[in-house]
Amino acid sequence: MTRVQGFTASATEKPLSVVRQARALWLFASIALLCAVAALSILVGSRSLTGSAIGAALFAFDPRNDSHLVIWNLRIPRLVIAVLAGAALGASGAVMQAITRNPLAEPGLLGVNAGAAAAVILGVALGGISSIQHYVWLAFLGAGLAGIAVFGLAAQGGRGPDPLRLILAGAALSIILASLTGIVLLNAPSSVLDAFRNWAAGSVDGRDLQVGAILAVSVTCGVLICATIASNLNAVALGDEVGRALGVDLRRTLMLACLAVMLLAGSATAAAGPIGFVGLMAPHLARSIAGPDQRWVLSFSAVLAALLLLVADIIGRVIVAPSEVAAGIVTALIGGPFFLFLVRRTRIGRS
Amino acid sequence: MTHVVIRPLGMASFRLHRRSLWVGLLLLVSIILLAVLLLQTGTMALSVSEIWTSLIAPGSHPAADRIIIRIRLPRLLTAVLVGGSLGVSGTIFQSLSRNPLGSPDVIGFTTGAATGAIVQIILFNAGPLQTSLAAIVSGMVTAGLVFVLARKSGTTGSYRLILAGLGLGAVLSGVNTVLLVMGNLDRTASAQLWLAGSLTGRSWSHVLPALIGFAVLLPAVVWHARALEVMETGDDMARQLGISTESRRLGAILTAVALAALATAAAGPIAFIALAAPQLARRLTKAPNLPIITAALTGALLLLAADYLGQHLPFDINMPIGLTTGLLGGIYLLWIVVRR
């Protein structure tokens with residue numbers, strides 16, 4: 001009986017080539033939208049600029065012109081970091097959900113967010129560090145160490161890390177580091193709390209292009225690794241047994257995936273602070289558009305997450321101008337309801 | 001033989017997992033040992049015999065009586081009840097969401113409770129009673145909202161429940177961050193303190209509601225346990241076996257949220273017990289069924305150990321119970337995960 005139903009259902013589905021074309025079109029449209037929003041993000045801010053000023057600043061830079069300086073020193077670094085960090089979070093979220101086969105998994109699960117936060121708070125409280133540029137390095141160090149520790153701990157003993165152990169080790173190390181952060185926070189003077197709470201909101205403001213360049217290198221490496229394992233992730237999604245039967249080296253895939261998540265999520269957290277929700281939500285959105293194929297899920301997730309973070313950054317700049325709301329907060333406040341709407345209205349919530 | 005059958009009255013019989021029984025006994029003994037240690041500890045050290053006389057026949061030593069009955073015993077019982085409630089609550093949520101990361105946060109309870117408390121502290125500068133009241137109310141409202149949002153054409157389904165919880169949780173954590181970042185720095189600090197949870201200054205007025213609630217809810221949970229075990233294999237299977245999945249799910253969520261609310265009211269949000277206790281219990285007992293009682297015992301033991309550690313720290317470090325729990329439970333869970 002079920003077999004017959006299955007047969008009739010598949011007979012009414014569209015041919016595969018049409019589905020593929022539609023997917024490619026959607027991806028193309030999302031990238032085009034991202035470009036348009038990127039242009040908008042240079043224009044919008046506490047000082048409004050015209051399109052011609054952007055052209056002039058890009059092709060005939062004049063260091064005495066204020067709006068050129070605004071574009072090169074403020075708007076472009078911000079744009080670069082928002083797009084790169086967003087894409088990194090989206091891609092790493094998709095990888096994380098694929099290898100753990102868990103819809104609750106997010107890039108922070110490898111301990112990178114907690115590690116970055118612990119490193120920043122220790123740097124601020126003990127080292128007296130107070131500039132955002134230095135936070136970036138601390139956070140990068142902390143995220144990397146935490147990621148390595150989680151992977152190393154989960155890989156202990158013979159058969160290599162399995163997804164459940166990875167999740168639990170990540171959750172355990174995250175909570176240990178978060179508790180340490182909390183303890184330092186409660187015992188330190190309140191100026192430390194003030195500095196920390198601003199970092200922890202997650203923002204792309206006030207970083208320079210050097211941070212952007214480092215982020216770009218790290219994200220490129222991460223994305224390349226993702227590209228090499230993307231098709232293996234499809235096999236992993238079918239379960240360990242089936243994956244092995246299909247000839248996938250699970251241990252190698254898992255290791256590379258962890259490396260990619262560490263590079264991507266670690267550098268994104270370092271550059272923009274702990275912005276968790278993007279990496280959690282984007283893969284779900286991507287799956288609802290692209291279907292189960294991980295190669296497409298990865299691409300969509302990266303593009304959509306970049307779009308989300310960029311839009312959140314623009315809204316955060318506009319909504320209470322001339323003051324600003326951090327992009328991490330806007331992401332949660334606007335992304336959350338949007339996500340809920342999708343869960344109720346579309347096939348995203350169908351298991 | 002892996003199971004023991006007990007027939008207390010000749011008619012009703014309980015089939016118990018042998019290893020679970022031993023693990024449970026071991027946990028109980030450890031809890032009692034830690035409880036004695038905790039009753040001894042404090043600015044005024046007391047011997048075991050002094051504690052015993054104060055508990056059994058008070059009167060001979062008024063100062064010791066007051067310390068034991070008014071201060072240390074309520075604190076101890078609060079810790080046991082909070083740990084037990086959170087352990088059970090986490091077990092239910094992990095089973096309902098079929099997810100090892102399940103905790104009262106899956107349905108938004110923890111984040112919602114934090115929102116209520118932060119609003120009270122930062123916007124209204126409220127006292128402890130209003131704060132925990134607001135926390136419980138907003139936590140429960142959030143949980144109800146998530147359940148309603150996840151409902152579609154009469155069914156909930158564990159996947160949609162998780163997604164709705166994530167979405168609403170994100171909105172509320174955004175609100176929390178806004179308040180913490182924009183609020184007055186001193187009030188932010190006291191909100192942080194509340195968020196870390198505390199066992200200081202607990203009295204019998206904290207213990208009694210928690211005790212009554214726990215005593216009422218635990219049988220309800222045990223009653224739900226069989227149905228939940230079957231539902232883990234899938235809603236279709238459970239329905240075929242004659243379980244009305246929707247009403248059972250609603251009932252289980254209600255009891256689990258009520259347990260989490262009890263714990264939050266008594267000690268604030270205590271991280272991680274709901275996540276770690278069921279996992280630890282499962283790994284200790286290696287039993288196939290829901291480890292409800294073992295999870296309760298594990299949770300209580302974790303909280304007592306955290307309290308003991310928090311009271312024996314060098315350098316006068318301020319270390320609230322919630323953070324100690326996170327530290328201790330995290331290290332223990334890590335050890336359990338790594339060892340295998």
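The values are calculated or read from the model by the stated rules, or taken from the named source; none is laboratory data. From a predicted model like this one, the values you see are computed outputs, not experimental measurements. Every residue, glycine as well, gets a Cβ built from its backbone with ideal geometry; the counts of neighbours run over all protein chains shown.
Would you be able to tell me the number of residues in the range B:38-85 that are touching a residue at least 60 places away in the same chain (Cβ under 8 Å), among the β-branched types (Val, Ile, Thr) and surrounded by 19 or more Cβ atoms within 10 Å (Cβ to Cβ)?
Total meeting the criteria: 3.
Please give the number of the condition A:Phe338 fails out of (1) surrounded by fewer than 18 Cβ atoms within 10 Å (Cβ to Cβ); (2) over 18 Å from the mean Cα position of the chain (by Cα); (3) not small (Gly, Ala, Ser).
(2)
So that you can scan it fast, the table gives a plain yes or no per residue for (1) modelled with pLDDT under 85; (2) touching a Lys or Arg at 6+ places or on another chain (Cβ under 7 Å); (3) farther than 30 Å from B:Ala189 by Cα:
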residue	(1), (2), (3)
A:Arg197	yes, no, no
A:Gln210	yes, no, yes
A:Ser218	no, no, yes
A:Val223	no, no, yes
A:Thr228	no, no, yes
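Using the structure shown, decide if B:Leu166 is touching a residue at least 40 places away in the same chain (Cβ under 8 Å), among the hydrophobic types (A, V, I, L, M, F, W, C) and part of a helix (DSSP H, G or I).
It is false that B:Leu166 is touching a residue at least 40 places away in the same chain (Cβ under 8 Å), among the hydrophobic types (A, V, I, L, M, F, W, C) and part of a helix (DSSP H, G or I).
Among (1) at pLDDT below 80; (2) outside any loop (DSSP other than H, G, I, E, B); (3) among the small types (Gly, Ala, Ser), where does A:Ala85 come up short?
All conditions pass for A:Ala85, except number (1).
Which one of B:Gly116, B:Gly127 is over 16 Å from the mean Cα position of the chain (by Cα), surrounded by 24 or more Cβ atoms within 10 Å (Cβ to Cβ) and farther than 25 Å from A:Leu109 by Cα?
Exactly one of B:Gly116, B:Gly127 is over 16 Å from the mean Cα position of the chain (by Cα), surrounded by 24 or more Cβ atoms within 10 Å (Cβ to Cβ) and farther than 25 Å from A:Leu109 by Cα, namely B:Gly116.
Taking only the range B:306-340 into account, find how many residues are farther than 17 Å from B:Pro269 by Cα, under 18 Å from the mean Cα position of the chain (by Cα) and more than 12 Å from chain A (Cβ to nearest Cβ).
Number of matching residues: 1.
Cβ-Cβ under 8 Å, sequence separation 6+ or interchain: first residue in the range A:124-147 and assigned to a loop (DSSP other than H, G, I, E, B), partner surrounded by 14 or more Cβ atoms within 10 Å (Cβ to Cβ). Which pairs?
If the second residue must be surrounded by 14 or more Cβ atoms within 10 Å (Cβ to Cβ), the pairs left are A:Ile129/A:Gly123; A:Ile129/A:Tyr135; A:Ile129/A:Leu138; A:Ser130/A:Val124; A:Ser130/A:Ala195.
Please state which of the following conditions B:Leu185 fails to meet, knowing it meets all the rest: (1) within 24 Å of the chain's Cα centre (by Cα); (2) of a type in the set (A, V, I, L, M, F, W, C); (3) at the interface with chain A (Cβ under 10 Å from one of its Cβ atoms).
So the condition that B:Leu185 fails would be (1).
Under 8 Å by Cβ, and 6 or more places apart or on different chains, what pairs join a residue from the range A:164-187 that is more than 7 Å from every other protein chain (Cβ to nearest Cβ) with one that is polar (S, T, N, Q)?
If the second residue must be polar (S, T, N, Q), the pairs left are A:Leu166/A:Thr100; A:Ser174/A:Asn113.
Working only within the range A:186-242, note down all residues that are small (Gly, Ala, Ser), more than 17 Å from the chain's Cα centre (by Cα) and not in a helix (DSSP H, G or I).
A:Ala188, A:Gly206, A:Gly239
Scan the range A:101-122 and report the pairs whose first residue is closer than 20 Å to A:Met281 by Cβ and within 11 Å of chain B (Cβ to nearest Cβ) and whose second residue is of a type in the set (A, V, I, L, M, F, W, C) and not in a helix (DSSP H, G or I), with Cβ atoms within less than 8 Å and a gap of 6+ or a chain change.
Sorted first by the residue in the range A:101-122, then by its partner, the pairs are A:Asn102/B:Leu101; A:Leu104/B:Leu101; A:Ala105/B:Leu101.
Counting only residues that are touching a Gly at 6+ places or on another chain (Cβ under 8 Å) and in contact (Cβ under 8 Å) with a residue 40 or more places away in the chain, how many does the range A:322-337 have?
Qualifying residue count, the range A:322-337: 8.
Here are the criteria: (1) within 7 Å of chain A (Cβ to nearest Cβ); (2) within 19 Å of the chain's Cα centre (by Cα). Tell me which single one B:Leu208 does not satisfy.
Of everything listed in (1) within 7 Å of chain A (Cβ to nearest Cβ); (2) within 19 Å of the chain's Cα centre (by Cα), B:Leu208 misses just condition (1).
Identify, please: which residue in the range B:62-120 is assigned to a helix (DSSP H, G or I) and basic (Lys, Arg) and is, among those, farthest from B:Leu217 (Cα to Cα)?
Within the range B:62-120, the first condition is being assigned to a helix (DSSP H, G or I), and the residues that meet it are B:62-96, B:104-107, B:109-120.
Within this subset, residues satisfying the condition of being basic (Lys, Arg) are B:66, B:70, B:72, B:75.
On the way: B:Arg66: 31, B:Arg70: 26, B:Arg72: 25, B:Arg75: 21 Å.
Top of the filtered list is B:Arg66.
Within the range B:141-157, take every residue that is part of a helix (DSSP H, G or I) and surrounded by 21 or more Cβ atoms within 10 Å (Cβ to Cβ) and give me the one that is modelled with the highest pLDDT.
B:Thr142
Considering B:Gly268, B:Gly213, which residue is touching a residue at least 40 places away in the same chain (Cβ under 8 Å) and within 14 Å of chain A (Cβ to nearest Cβ)? Working first, answer last.
Working: B:Gly213 fails: within 14 Å of chain A (Cβ to nearest Cβ).
Only one candidate qualifies: B:Gly268.
Could you count how many residues in the range A:320-348 are within 19 Å of A:Ser288 (Cβ to Cβ) and within 10 Å of chain B (Cβ to nearest Cβ)?
Qualifying residue count, the range A:320-348: 14.
Can you confirm whether B:Ile292 is facing chain A (nearest Cβ under 10 Å), at pLDDT 80 or above and either farther than 18 Å from A:Leu177 by Cα or surrounded by fewer than 22 Cβ atoms within 10 Å (Cβ to Cβ) (or both)?
no
Looking at A:Arg287, A:Arg244, A:Arg317, A:Arg252, which is the one that is more than 14 Å from chain B (Cβ to nearest Cβ), touching a residue at least 24 places away in the same chain (Cβ under 8 Å) and either surrounded by fewer than 24 Cβ atoms within 10 Å (Cβ to Cβ) or of a type in the set (D, E, K, R) (or both)?
A:Arg317
Out of (1) under 25 Å from A:Asp313 (Cα atoms); (2) more than 10 Å from chain B (Cβ to nearest Cβ); (3) surrounded by 24 or more Cβ atoms within 10 Å (Cβ to Cβ), the odd one out for A:Ser131 is which?
Single failed check for A:Ser131: (3).
Within the range B:37-74, how many residues turn out to be touching a Gly at 6+ places or on another chain (Cβ under 8 Å) and charged (D, E, K, R)?
2
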